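The values are calculated or read from the model by the stated rules, or taken from the named source; none is laboratory data. In this text, all values refer to a predicted model and were calculated from it rather than measured experimentally. Note that each Cβ is placed from the backbone with ideal geometry, even for glycine, and that neighbours are counted across all protein chains shown. All accessible areas refer to the heavy atoms of the entire protein, side chains included, with ligands and DNA or RNA removed. Shrake-Rupley method; radii C 1.70, N 1.55, O 1.52, S 1.80 Å.
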Amino acid sequence: VAPGLARNTLTLVFVTGVPAFAVSGSLADRLPKVPYLLGLVTAFVVLVFALTVAPGTASLLAVSALLGYTVHSIYPVIDSFLLGSFPDHHRGSAYAVYSGAMMLAQAPGSWFVGTLAESGVAYVTAFRGLAAVVGGVVVLLLVLQRSGRLPN
C-alpha cells in the first residue's frame, strides 16, 4: 500500500483501541475472564490471517479497524485477570514485574519482523507464521484452562 494509506491505517488501528479499552474493561467485569481472553486472542489470530488476504482498500481498512479493536480489548482483560489472580500482598510488585517483562517481550517485535523481511521472508509469511505461534499459545492456554490449571 502507499505510505500515506499505511500511516492512516496504522492510525485507525490505534483509534479503534480507544473504545476497546472502555467496552472490554466493562465486559471483563461481567464475563468469565479466561474464556473471554481466549476468545479475544483467537479473534486476533483470525484477524491477522484475514489481514494477509484482504483483497482491497476497503477490506484492509475494515480488518485493520477490527484488529485494532480486538488487540486493544485484550489489555484490560489480561490486567483484570492478573490483578485478580495475584495475592493481595504481592499484587503491586507482581504486576510491575509482569508489565516490565511484557515491555521487554514486545519491544523487539518490529525489529524481528523487519529482520525477517530483510532476510527475504515475505511479510505475509511472517505475519501468518507469528499468528500461528500465537494460535498455538491459545491452544496451550485452552488446555490449561480446561484442566483447571489457570486461576478463574
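The table below lists the values:
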{"read-out": "Inter-residue pairs, beta-carbon under 8 Å, first touching a residue at least 12 places away in the same chain (Cβ under 8 Å) and in the stretch 27-38, second among the β-branched types (Val, Ile, Thr) and open to solvent by 40 Å² or more (accessible area, probe 1.4 Å), 6+ apart", "value": "none"}
{"read-out": "Checklist (1) modelled with pLDDT of 95 or more; (2) surrounded by 12 or more Cβ atoms within 10 Å (Cβ to Cβ); (3) under 19 Å from ALA43 (Cβ atoms) applied to LEU140, failing item", "value": "(2)"}
{"read-out": "Residues that are of a type in the set (A, V, I, L, M) and either open to solvent by less than 30 Å² (accessible area, probe 1.4 Å) or more than 16 Å from the chain's Cα centre (by Cα) (or both), drawn from the stretch 51-64", "value": "VAL53, ALA54, ALA58, LEU60, LEU61, ALA62, VAL63"}
{"read-out": "Residue within the stretch 65-72 that is closer than 26 Å to GLY129 by Cα, more than 19 Å from the chain's Cα centre (by Cα) and assigned to a helix (DSSP H, G or I) present", "value": "no"}
{"read-out": "Number of the condition not met by GLY39 [criteria: (1) open to solvent by less than 50 Å² (accessible area, probe 1.4 Å); (2) in contact with a helix residue (DSSP H, G or I) (Cβ under 8 Å, 6 or more places away or on another chain); (3) within 21 Å of LEU140 (Cα to Cα)]", "value": "(2)"}
{"read-out": "Neighbours by Cβ (under 9 Å, 6+ apart or cross-chain): first from the stretch 92-110, assigned to a helix (DSSP H, G or I); second exposed (fewer than 11 other Cβ atoms within 10 Å of the Cβ)", "value": "ALA94/PRO87"}
{"read-out": "Hey, SER99 under 18 Å from the mean Cα position of the chain (by Cα), open to solvent by less than 40 Å² (accessible area, probe 1.4 Å) and modelled with pLDDT under 95 or not", "value": "yes"}
{"read-out": "Candidate set: the stretch 73-94, residues that are exposed (fewer than 15 other Cβ atoms within 10 Å of the Cβ) and of a type outside the set (Gly, Ala, Ser); chosen: the one nearest to GLN145 (Cα to Cα)", "value": "LEU83"}
